[in-house]
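Working notes, structure below.
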Amino acid sequence: MSSAVDYRLYLVTDTGQCGDRGVVTTVRAAVAGGVTVVQVRAKDGGDRDRLALVRAVVDACAGTGVPVLVNDAVDVALLGGADGVHLGQSDLPADEVRTLLGPDRLLGLSVSTVAEIGAAPTGVLDYLGVGPVHATPTKTDAAAPLGADGVAALAAATDLPCVAIGGIHLDTIDPLRDTGIAGICVVSDICAAPDPEAAARALRTRWDRS
């Protein structure tokens, strides 16, 4: 496990929103613009397609210092040479996933309540994804929005770095500045942007002002 990761601008990919430009080209541009972590989330297609995508994203981020994580699929992460895995509440148990990953890869978990933080296994996670901050069409089955106050409450309930996700755009970053989180997580503001590099740079600049 690592405590040296820069979580300031965390990108979760969306294949559909990247469109004809594709995930790999989007990731490459976003990293150039200041993204510090990439999570490959690809729910459609077969396992071989997901594996090929992860390998391509890992290659695109090689030498940048930006870690690549895979949403849920531990086997794809390991075969694809990714730096870690991000889990949801209904995914495989985090302690068992840690056993598969070993001590050096990153492991994150999504949480929406203090109770979920309390139920998380100790000593196996590197960070928490906290949200949703606001309602978002990207994840229609998400829990009720937390708002900035709810994010602050969750961040205060753990010693792990927290990344806020859900409805985060340029104009919703400022209220999160004093919540104790380590960074912000975005999907559509980069994946669907006409210029992902410029979009990432604008988000990173706004966050760094905090």
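Details
- Per the listing Gly80, Gly118, Gly102, Gly150, the residue uniquely without any contact (Cβ under 8 Å) to a residue 40 or more places away in the chain, out of contact with any Asp or Glu (no Cβ under 7 Å at 6 or more places or on another chain) and within 19 Å of Val35 (Cβ to Cβ) is Gly80.
- The residue list Glu96, Glu116 contains one member that is within 25 Å of Leu176 (Cα to Cα) and outside any loop (DSSP other than H, G, I, E, B), which is Glu116.
- Some residue of the range 45-65 being within 15 Å of the chain's Cα centre (by Cα) and hydroxyl-bearing (Ser, Thr, Tyr): no
For (1) buried (at least 18 other Cβ atoms within 10 Å of the Cβ); (2) touching a helix residue (DSSP H, G or I) at 6+ places or on another chain (Cβ under 9 Å); (3) modelled with pLDDT of 95 or more, each residue gets a yes or a no:
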{"site": "Val76", "(1), (2), (3)": "yes, yes, yes"}
{"site": "His86", "(1), (2), (3)": "yes, no, yes"}
{"site": "Ser90", "(1), (2), (3)": "no, no, yes"}
{"site": "Leu106", "(1), (2), (3)": "yes, no, yes"}
{"site": "Ser112", "(1), (2), (3)": "yes, yes, yes"}
{"site": "Val124", "(1), (2), (3)": "yes, yes, yes"}
{"site": "Gly129", "(1), (2), (3)": "yes, no, yes"}
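- Among the residues making up the range 13-32, those that are on the phi < 0 side of the Ramachandran plot and surrounded by fewer than 22 Cβ atoms within 10 Å (Cβ to Cβ) are Asp14, Thr15, Gly16, Gln17, Cys18, Asp20, Arg21, Val24, Thr25, Arg28, Ala29, Ala32.
- Total residues in the range 102-141 satisfying the condition of being among the aliphatic types (A, V, I, L, M) and closer than 14 Å to Asn71 by Cβ: the figure is 3.
The values are calculated or read from the model by the stated rules, or taken from the named source; none is laboratory data. Every value quoted in this text rests on a predicted model; they were computed, and no experiment measured them. Backbone-built Cβ (ideal geometry, glycine too); neighbour counts: all protein chains shown.
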